[in-house]
Amino acid sequence: RPKLSREDCQKMQLDVHSGRAALAIPALLKVIGADADARVRQAVEHLKSWDCVVRSDSTAAAIFNVFFTRWCQAVTSERFPKETAGFVAANVGGLALRLLQNDDLDWFQRQPRDQAIRAALAATLDELTTKLGPDMASWQWGKLHILLQKHLLSSRGDLGKLLDRSGLALSGDGNTVNSSTPDPTYAAWLGATYRMITDFADPQLGMWSVEVAGVSGHPGSPHYGDQIAPWSEGKLHYVALATTNVDGTELVLQPQ
């Protein structure tokens, strides 16, 4: 567009469409689409109808993200020693996507590529069954991909129960514009915590912003976690930055 509005920018910040999934799903279905196993057929139906938008309530998003993690592990296990394969797996997403589409590198020597894909999917379905139960329809990405908001003292005794603000189901993943990178348990430990949009044509030089938790790091403050809800809903607060026509209290700090 020749011009982008604040609403356009806000919509972009909340984009959870997965370009990786859009490229990977057709290649995956080409291998498993005719599989006779009942669980695989059920997974195929979820993946076939998926629009590759990583919503928190999506079954397909859960299947795909866990599968791609398993697939990256399969890729590294083929060529790296066991003691390093797990570490390297977190950094081979581009290679893993290419190998899912075609093994033009002759990467797989120990087993055929299609067999490795099927094994990764079987491990995915076993893992999701263990974690989320046998009913595939009840699997949701947000049951795994939860917000981690831990206080620095979280690990001291039971302080985490008082100070942490974790547990919110999130959409997106580490490859969406609205980023929330999964940890080894798929919880969101890193991502777009602060959002801001500025309109330089605003006479008040204002900006719209939101912080994932709140503006205070003091657990006793009412602003300690009061922005988690609007942040999760994609809302922004207006902040006028001009020095004129701003109501409020002036705080003067003077040395003794």
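Electrostatic bookkeeping for Glu127 treats Lys and Arg as +1 and Asp and Glu as -1; over the other residues with beta carbon under 14 Å from its beta carbon, the sum is +3.
In terms of solvent-accessible area of protein heavy atoms at a 1.4 angstrom probe, what is the ranking of Met12, Met136, highest value first?
These residues rank, largest area first, as Met12, Met136.
A Gaussian network model of the chain, with springs between Cα atoms under 10 Å, assigns the largest mean-square fluctuation among Glu45, Glu83, Glu233 to Glu83.
Over the chain, what is the percentage of antiparallel beta bridges among all DSSP beta bridges, to the nearest 5?
95
Full extension of the chain between Leu105 and Val31 yields a length gain of 24.8 nm, computed as 0.36 nm times the residue separation minus the alpha carbon distance. Leu28 contributes an accessible area of around 0 Å² to the protein surface, as traced by a 1.4 Å probe with all chains present. Restricting the calculation to Cα atoms, segment 36-111 shows an Rg/Rh of 1.02 when the hydrodynamic-style radius is the Kirkwood one.
Once R0 is set to 41 Å, what does the formula 1/(1 + (r/R0)^6) return for the Cβ-Cβ distance between Gln204 and Thr181, expressed as a FRET efficiency to the nearest 0.05?
Computed FRET efficiency for Gln204 and Thr181: 0.70.
Taking the chain as a Gaussian network of alpha-carbon nodes connected by springs under 10 Å, the highest mean-square fluctuation of the residues Asp15, Asp104, Asp35 belongs to Asp104. Mean residue ellipticity at 222 nm, helices only, the chain: -12000 deg cm²/dmol; runs of at least 4 DSSP H residues each add -39,500 (n - 2.57), and the sum is divided by the number of residues. With viscosity 1.306 mPa s and temperature 10 °C, the Kirkwood radius over alpha carbon pairs of the chain converts through Stokes-Einstein to a diffusion coefficient of 76 µm²/s.
Determine the share of segment 12-155's accessible area contributed by carbon and sulfur atoms, expressed in whole percent, with a 1.4 angstrom probe.
Values: 3830 of 7250 Å².
Looking at segment 12-155 in its full context, I get 53 percent from C and S.
A straight line joining the Cα centroids of segment 127-169 and segment 18-80 runs 23 Å.
Contact order normalised by length for the chain, with contacts defined as Cα pairs under 8 Å and 6 or more residues apart; what percent is it? All intermediate terms of the calculation are to be shown ahead of the outcome.
Values: 360 pairs, mean separation 46.7, N = 256.
Value for the chain: 18 percent.
A 1.4 Å probe run over the chain, with the rest of the protein chains in place, finds 59 Å² accessible per residue.
When the chain is treated as a GNM with alpha-carbon contacts under 10 Å, the residue of Ser180, Ser209, Ser49 showing the greatest mean-square fluctuation is Ser49. Rounded to the nearest 20, the Cβ-based charge dipole of the chain about its Cα centre (Lys and Arg +1, Asp and Glu -1) stands at 480 debye. Positive contributions from Lys and Arg (+1) and negative ones from Asp and Glu (-1), summed over other residues with Cβ under 10 Å from the Cβ of Ala85, come out at 0.
The values are calculated or read from the model by the stated rules, or taken from the named source; none is laboratory data. Keep in mind that what you see is a predicted model, and the values were worked out from it rather than measured. Note: ideal-geometry Cβ built from the backbone for every residue, glycine included; neighbour counts use all protein chains shown. Just the protein is used for accessible areas: all its heavy atoms, side chains included, with ligands, DNA and RNA removed. Shrake-Rupley method; radii C 1.70, N 1.55, O 1.52, S 1.80 Å.
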